[in-house]
1. Give the order of 54, 28 when sorted by the count of other beta carbons within 10 angstrom, beginning with the fewest.
2. Using the basic label-point model (7 angstrom from Cα toward the beta carbon), what is the residue 77 to residue 55 distance in nanometres?
3. Show that you can apply the helix-only estimate: for the chain, add -39,500 (n - 2.57) for every DSSP H stretch of four or more residues, divide by all residues, and state [θ] at 222 nm to the nearest 500.
4. Step through the residues of region 16-27 one at a time and calculate ³J(HN,Hα) from phi using the Karplus curve (6.51 cos²θ - 1.76 cosθ + 1.60, θ = phi - 60°), rounding each to whole Hz and writing x for Gly and Pro.
5. Pop out the ³J(HN,Hα) list for region 77-92 in order, Karplus 6.51 cos²θ - 1.76 cosθ + 1.60 with θ = phi - 60°, rounded to Hz; leave Gly and Pro as x.
6. Taking H as built 1.01 Å from N, whose amide H comes closer than 5 Å to the amide H of residue 75, not counting residues under 5 places away?
7. For a distance above 18 Å, tell me the whole-number percent of Cα pairs in region 2-133 that qualify.
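Each reported figure results from applying straightforward, stated rules to the coordinates on display, with no laboratory input. On a predicted model such as this, the values are computed, not experimentally measured, just so you know. Backbone-built Cβ (ideal geometry, glycine too); neighbour counts: all protein chains shown.
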Amino acid sequence: MLITPIQLVDEPLQFEETIAPGVVEYPHDLRQTGPMPVTGQAELIVEHRGAHDHVDDIRLRATYAGPFEVLCARCVEPVALPLEGEFDLIFRPESADAESGERAITPDETEIGYYGESGLLLEDVVREQVLLSLPSRTLCKPDCKGLCPRCGQNLNVAKCNCDEAPADPRWNALAGLADKLVQ
């Protein structure tokens, strides 16, 4: 759904969109598994910068919820992960702050996103918010055994036939160090 300032001149735009799986591209370890409803409002905020200079900012407030699968950090099996969130963001045209050179910005300006000449794509905003809402690490179960580093066998499913690796003799110098530190 493309949102443009022209759509918002007379009144805010209320929307109820459903993003189907596959419409938004996510990283390889994340997959949307069902429809994701997005409900919200977009409104125009006109920022006056001088007598004849103004900027059309878009304020976007919305909620989303949808089923996802993320890969386990240890065994790489898919894990069901329902995600939901809400956001209240302001977007400014890219050309509004396209001055050459460096300039100081206020702390409030660090919270502003930018939209292109054609407008703001709702799916891009939702994608970013979904990625920001992901947990830093997901496990299929707290005691996940992961994969064998030699053969790649999922150790939750079956034990592998790899031999225990002999310890590297270069580590022998550290053999009794832990006992010495405890004393």
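1. By the 10 Å Cβ count, ascending, the order reads 28, 54.
2. 5.0 nm
3. Result for the chain, helices only: -3000 deg cm²/dmol.
4. 3J(HN,Hα) across region 16-27, in whole Hz: 9, 10, 10, 8, 6, x, x, 6, 9, 8, 10, x.
5. 7, x, 10, 5, 9, x, 10, 8, x, 9, 8, 9, 10, 10, 10, 10
6. 140, 146
7. When all Cα pairs of region 2-133 are counted, 60 percent exceed 18 Å.
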